[in-house]
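The structure appears below as structure tokens.
The values are calculated or read from the model by the stated rules, or taken from the named source; none is laboratory data. In this text, all values refer to a predicted model and were calculated from it rather than measured experimentally. No Cβ is skipped: glycine too gets one built from the backbone with ideal geometry, and neighbour counts run over all protein chains shown.
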Amino acid sequence: MIPLWLGATLTAALFQCWRTALQQRLRGMLSVNAAAVTRYLYGVPVGVALLTTYTLVTGQSLPAIDGGMFLLMCAVGGLLQILGTNLLIMSFGPRGFAVGTAYSKTEAIQAAFLAMILLGEYLSVLSWLGVAVSIAGVLYLSLAGGDMTPMGLLRAARQPAALFGLTAGTGFALCSIAIKAANLELDHADPVLRALVVLVVANVMQTVMQGSWLLWREPGQVVMVLSSWRISAKVGTLSAFGSACWFTGFALAPIALVRAVGQIEIIFSLLFGRFYLRETTKRSDVVGALTVVAGVLLVLMGR
């Protein structure tokens, strides 16, 4: 039987890829900030519905929120996710949807180091080997199968897609740690219920934070966010379901393990980029993505 954390992580990767593909379409209609805020604004009612349904089905009551640290961690995690999402959307332009997503997937590597330092979560030698293989896959993607010399690597790291994607990965990695910390602050035995509470609180905060920024800096985009509700509502729904699955995974397993398995999104992104967004997929993109996935498998074998 598949462990709950593994099923939740695989489902989260699928929802996230699907949501990001829809956001790529919104990128032609909305600004970066407006496209990003749709996932939170339209995700709040879906998150509330998920939490309400879960409490009714399980017959549980909501945990008391009486700690400032819980709210702080939700706010920090929410802000980091906003920054990561914006940077991810910005990375799509230079090389396309699939490769922009691949750069952001270095979050798994970064999360492994950060979780080890901040949370004391350690990986086995085989899992670290898997991380190294994943790095090789990302490098191959970044160079499109080209120059692998030190100068070639330096030039690749200076590409806009690399800079935006890698920084997005850092934001997502730190977000994972903050979200897990918020989950642990709640006094309740059910980690899934705690994850859903964190989802709703964080989404409300994100809507206020990025919504306020949008009203201040780009007031004209607010009308566009509302008028694009047919696509934006789908983005928000997929985002809420995806985040619920991610947060559940974080609650049940080490962050590094969840993020490493989540790299399977690379395969989903190639499929979406090719068949949904009609982007041309290069052979080097496929080879690099498969290398990343091979690294994920090694991480699981080393668990």
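Whenever a residue of the range 110-135 is surrounded by fewer than 19 Cβ atoms within 10 Å (Cβ to Cβ) and among the small types (Gly, Ala, Ser), its partners that are outside any helix (DSSP H, G or I) and at pLDDT below 80, lying with C-beta atoms within less than 6 angstrom and at least six residues away or across chains, give the pairs SER124/GLY302. The lone criterion from (1) among the aliphatic types (A, V, I, L, M); (2) without any contact (Cβ under 8 Å) to a residue 12 or more places away in the chain; (3) buried (at least 22 other Cβ atoms within 10 Å of the Cβ) left unmet by LEU215 is number (3).
The numbered conditions (1) closer than 25 Å to LEU26 by Cβ; (2) in a helix (DSSP H, G or I); (3) over 17 Å from the mean Cα position of the chain (by Cα); (4) not acidic (Asp, Glu) are all true for ILE266 except (3).
Quick test for you: out of LEU257, LEU184, LEU199, LEU174, pick the one residue that is without any contact (Cβ under 8 Å) to a residue 60 or more places away in the chain, part of a helix (DSSP H, G or I) and closer than 22 Å to GLU107 by Cβ.
On the way: LEU257 fails: without any contact (Cβ under 8 Å) to a residue 60 or more places away in the chain; LEU199 fails: without any contact (Cβ under 8 Å) to a residue 60 or more places away in the chain; LEU174 fails: without any contact (Cβ under 8 Å) to a residue 60 or more places away in the chain.
Of LEU257, LEU184, LEU199, LEU174, the one residue that is without any contact (Cβ under 8 Å) to a residue 60 or more places away in the chain, part of a helix (DSSP H, G or I) and closer than 22 Å to GLU107 by Cβ is LEU184.
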